[in-house]
Amino acid sequence: MSATVEFARMNGLGNKILVVDMRGRKDKVTPEAAIALNAASETQFDQIMAIHDPKAEGTDAWIDILNCDGTKAQACGNGTRCVVQALSAETGQKVFTFQTVAGILNAAEHEDGTISVDMGRPVFQWDKIPLAEEFFDTSRIELQIGPIDNPVLHSPSAMSIGNPHAIFWVDRDPMSFDLERFGPLLENHPMFPEKANITLAQVTSDASLRTRTWERGAGLTLACGSAACAAGVSAARTGRTGRKVTIDVATAPSRQPLIIEWREDDHVVMTGPAEWEWSGTVDPVTGAWQRDEAVEAPGAEAK
């Protein structure tokens, strides 16, 4: 077995993704390799999406997801779009079914190049998010940052969509808050026994939001697909918007929005872009890597 495998540096609306091809192998990308890759500026990432041979009949692949600190992630919507684009460019296939620790994900690439991912059903029960305290209504839980009589952030909506999220509603641009200072405190708050993704969300119309996210295990991130889903669902759940919203991710380098639809069958579908940057080879044990010579992105001739 070769010591190295192919990988691609990609991004989903700026979310830095490494797609690693582990098909045909029994081993996994190690936490040590993830940490080593994140330490190099060229391979710094938010999530690794490692593609493995399928475990279940009717699925196209098993996806193992790692954060930049080497911990496991249950879901990554932006990363899943990158996997779809990579496999579609390789095979011409447009519709995929993936298995992750969070369950089954169905995804499809559209003619305009955008990709939709069915993120499954949201979870609202306090002990399944999970939260450390019982709340009958998790659309507004008791948690705040700042002085008790004038908190900076308070009363978030909590839910899980493969991973735990807390959505704090703000009345001004999320970029105006010091999320770099508050993020680590909230991610590691005792309320969240498995930590949590922390999102600031501003309602900009009855069908649009502007968001910024501190991602569990990754820190400040340019974009987080599952957080966008959580914000869209929580906005509809609390009556702030309808069930289909446009998300302006404040930190994304591209102004292309994410479209989040909480369908009547309770599934959450996210639609947005993915972008190939460059490819190379990597040792999944140590993280030692080499970049390929510059080539045109897969499928570029057709676009």
Between the helical axis of 77-91 and the dominant principal axis of the chain, each derived from Cα atoms, what acute angle in degrees is found, rounded to the nearest 10?
20
Could I have the simple spin-label model distance between THR97 and ALA39, label points 7 Å from Cα toward Cβ, reported in nm to one decimal?
4.2
Tell me whether region 34-129 comes out rounded, prolate or oblate; compute the Cα gyration tensor, take square roots of the eigenvalues as a ≥ b ≥ c, and use a/c under 1.5 as the rounded threshold.
oblate
Based on C-alpha coordinates, I'd like the Rg and Dmax of region 82-130, in Å.
13.6, 42
How high is the relative contact order of region 171-303, in percent, with contacts defined as C-alpha pairs under 8 Å that are six or more residues apart?
16
Answer rounded, prolate or oblate for region 117-212, using the Cα gyration tensor with square roots of eigenvalues a ≥ b ≥ c: rounded when a/c is under 1.5, else prolate when a/b is larger than b/c, else oblate.
oblate
Calculate one ³J(HN,Hα) per residue across region 226-232 by plugging θ = phi - 60° into the Karplus curve 6.51 cos²θ - 1.76 cosθ + 1.60, and present them in order as whole Hz with x for glycine and proline.
5, 5, 4, 4, 4, 5, x
Does region 114-166 classify as rounded, prolate or oblate by the C-alpha gyration tensor (a ≥ b ≥ c root eigenvalues; a/c under 1.5 gives rounded; else a/b over b/c gives prolate, otherwise oblate)?
oblate
Residue-wise HN-Hα coupling along region 26-38, computed from phi with Karplus coefficients 6.51, -1.76, 1.60 (Hz; x: Gly, Pro):
9, 7, 10, 5, 7, x, 5, 5, 4, 5, 5, 5, 5
Can you tell me what the convex hull of the Cα atoms of region 175-257 projects to on average, as an area in nm²?
5.5
Residue of VAL83, VAL170, VAL20 that the Gaussian network model of the chain assigns the largest fluctuation, springs spanning Cα pairs under 10 Å:
VAL170
Taking the Cα centroid of region 104-151 and of region 1-54, what is the distance between the two, rounded to the nearest whole Å?
26
So for the chain, averaging the separation of alpha carbon pairs under 8 Å that are six or more residues apart and normalising by length, what relative contact order in percent results?
21
Cα centroid separation - region 205-259 against region 166-186, whole Å:
13
Pop out the carbon and sulfur fraction of the accessible area of the chain as a percent, whole number, probe 1.4 Å.
50
What is the ratio of the Cα radius of gyration of region 70-179 to 2.2 N^0.38 Å, where N is its residue count, to two decimals?
1.37
Taking a probe of 1.4 Å and leaving out DNA, RNA and ligands, the chain shows per residue an accessible area in Å² of 44
With springs only between Cα atoms under 10 Å apart, run a GNM on the chain and tell me which of SER41, SER160, SER208 wobbles the most.
SER41
Tell me, what ³J(HN,Hα) does each residue in region 129-140 have, in order and in whole Hz, if you take phi through Karplus 6.51 cos²θ - 1.76 cosθ + 1.60 with θ = phi - 60° and put x for Gly and Pro?
5, x, 10, 7, 10, 7, 10, 5, 10, 8, 6, 7
Quick check: convex hull of the Cα atoms in region 1-73, volume per residue, rounded to a whole Å³?
98
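The values are calculated or read from the model by the stated rules, or taken from the named source; none is laboratory data. Since we're looking at a predicted model, the values are computed, not measured. Quick reminder, even Gly has a Cβ in these numbers, built from the backbone with ideal geometry, and neighbours come from all protein chains shown. All accessible areas refer to the heavy atoms of the entire protein, side chains included, with ligands and DNA or RNA removed. Shrake-Rupley method; radii C 1.70, N 1.55, O 1.52, S 1.80 Å.
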